[in-house]
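Have a look at the structure below, then the notes.
Taken together, the values in this text are just the output of simple stated rules run on the coordinates, not laboratory data. Since this is a predicted model, take the numbers as computed values, not measurements. Ideal geometry is used to build each Cβ from the backbone, glycine not excepted, and the neighbour counts take in all protein chains shown.
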Amino acid sequence: MTSPISVLIIAYDGLQSLDLAGPLEVFTGVNIYLADCAREPAYQIAIASPGAKQVRTSSGLTLVPDTDLRAVRGVHTLLVPGGAGARSASGEVAGWLRQHAPMAQRITSVCTGAFLLAQAGLLAGRRATTHWAYADALERQFPDVIVDPEPIYVRDGNIVTSAGVTAGIDLALALVEEDVGREAALAVARHLVVFLRRPGGQAQFSAQLRAQAAQREPPGRIAGRPAAQAIQLMIEYDPQPPYNAGSLRSAPPDLVTSMRLQSRHTADELVAD
């Protein structure tokens with residue numbers, strides 16, 4: 001019997017809940033799928049925070065970690081989510097990463113989790129990606145990192161960085177396919193109702209979905225169409241979107257300009273010394 005792959009997800013105040021929950025649901029879903037097939041689990045998953053303290057996500061959700069990050073040593077796969085709290089968490093989390101991450105067989109990040117990897121010195125000389133709104137800031141603060149803002153995820157050696165929010169699901173599904181096989185990855189994708197498991201080399205914004213979006217263009221509701229498009233662009237949600245705004249190329253130019261102006265201040269705050 002093969003031992004389960006240990007997966008450690010690092011938690012801290014202000015993380016983006018979907019950065020954590022998306023991959024977590026994928027890894028957990030694989031174990032459920034394998035149990036239904038009378039097979040042993042593929043993953044042993046734990047969430048750790050400094051001091052094992054409860055953390056509050058950027059949306060206000062409170063999470064209770066499984067263990068104290070300070071007590072964790074050996075682990076196969078590390079996953080570092082992003083979020084507005086990456087700056088305040090950077091000291092202790094980056095310090096732990098600097099000391100212990102090199103012993104992991106696989107190091108991954110979602111969205112601005114790449115900033116924590118970079119601060120720990122793990123991305124020096126490597127190619128990496130992050131959410132499109134923070135790619136310039138990552139490049140400015142860490143000039144030794146080769147930032148590619150286009151792909152959904154980038155693999156450089158044993159380090160895999162991914163774009164924003166929903167791209168974490170794509171990353172996790174790719175790891176599952178690598179570890180367990182394509183059938184398991186597709187089964188989990190179907191269960192999560194993920195329309196398309198996008199390959200890492202695909203641009204963060206899927207051009208092939210423009211035609212679909214053109215056929216599915218309902219009027220904006222509650223907050224209106226511009227607000228819905230802005231949310232879609234920020235979370236980089238592309239599978240069969242109700243609006244064709246999951247892309248810098250497809251979103252209305254005035255919306256892109258507005259979002260860039262709004263995100264610039266946030267990005268600078270995130271990476272300020």
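The table for this structure:
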read-out: For D136, D144, order by how many other beta-carbon atoms lie within 10 Å, fewest first; value: D144, D136
read-out: Virtual spin-label span in nm between A71 and R56, 7 Å along Cα→Cβ; value: 2.5 nm
read-out: Calculated P(r) of the range 5-190 - Cα pairs past 26 Å, %; value: 24 percent
read-out: Fewest-first sequence of F115, F27 by Cβ atoms within 10 Å of each Cβ; value: F27, F115
read-out: Ranked list, fewest to most other Cβ atoms within 10 Å of each Cβ, for W96, W132; value: W96, W132
read-out: Nonlocal amide H pairs with V147, under 5 Å, H built at 1.01 Å; value: A128
read-out: Under Karplus coefficients 6.51, -1.76 and 1.60, residue-wise ³J(HN,Hα) of the range 94-102 in Hz, glycine/proline x; value: 5, x, 5, 4, 4, 7, 10, 4, x
read-out: Added length on full extension, which subtracts the Cα-Cα distance from 0.36 nm per residue, H191 to R127; value: 19.8 nm
